[in-house]
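Derivation of every value follows stated rules applied to the coordinates shown; laboratory data play no part. This is a predicted model, so every value here is computed, not measured. Counting neighbours? That spans all protein chains shown, and the Cβs are built from the backbone with ideal geometry, glycine included.
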Amino acid sequence: MMRRLILALALTLIPAMAFAYERVSDQQTFVALISGKTLSNRLYGVRLNVSPNGSIAGGAWGWAISGNWTWDNGFFCRDITWGDDSVGYNCQLVEVRGGDELRFTSDQGTGDNASFKLR
């Protein structure tokens, strides 16, 4: 009975640990992840092209998104506009999971977060 419980627990935890988010702490790793890919979040209808040269272009809910980004002290710092509205400047913690999903957490990792599939 105890062996079955341990096995069940291990089978539950191993997949979760295998797909845990890991911090992206340098620009070179970030660029390797995004190069040639589109970031998408179907729930919010967001599709973004974050280019290695520092530009951001895409759209959400029928409005264009544009802006620029830099890498600063281990954080992705972006300044974007959505439609006619400035979303503003924010430095975000970037994490990767499974090589095909990025999570951005605003305010250097202390704020809200959003996840994107790399396609």
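Which of the residues belonging to the stretch 87-100 are surrounded by 16 or more Cβ atoms within 10 Å (Cβ to Cβ) and either over 14 Å from C77 (Cα atoms) or within 8 Å of the chain's Cα centre (by Cα) (or both)? Matches in the stretch 87-100: V94, E95, V96. When G111, G36 are screened for being in a loop (DSSP other than H, G, I, E, B) and at positive phi, only G36 passes.
Taking the conditions exactly as written (aromatic (F, W, Y), within 15 Å of S55 (Cα to Cα) and without any contact (Cβ under 8 Å) to a residue 24 or more places away in the chain), does W82 satisfy them or not? Steps first, please.
Numbers: aromatic (F, W, Y): yes; within 15 Å of S55 (Cα to Cα): yes; without any contact (Cβ under 8 Å) to a residue 24 or more places away in the chain: yes.
Judged against the criteria, W82 is a match.
In the set D112, D72, only one residue is surrounded by fewer than 13 Cβ atoms within 10 Å (Cβ to Cβ) and either among the hydroxyl-bearing types (S, T, Y) or free of Cβ contacts under 8 Å to residues at least 12 places away in the same chain (or both); that residue is D112.
Does the stretch 46-61 hold any residues that are surrounded by 12 or more Cβ atoms within 10 Å (Cβ to Cβ) and of a type outside the set (V, I, T), and which are they?
Quick first cut of the stretch 46-61, residues surrounded by 12 or more Cβ atoms within 10 Å (Cβ to Cβ) only: 46-52, 54-60.
R47, L48, N49, S51, P52, G54, S55, A57, G58, G59, A60, listed by residue number.
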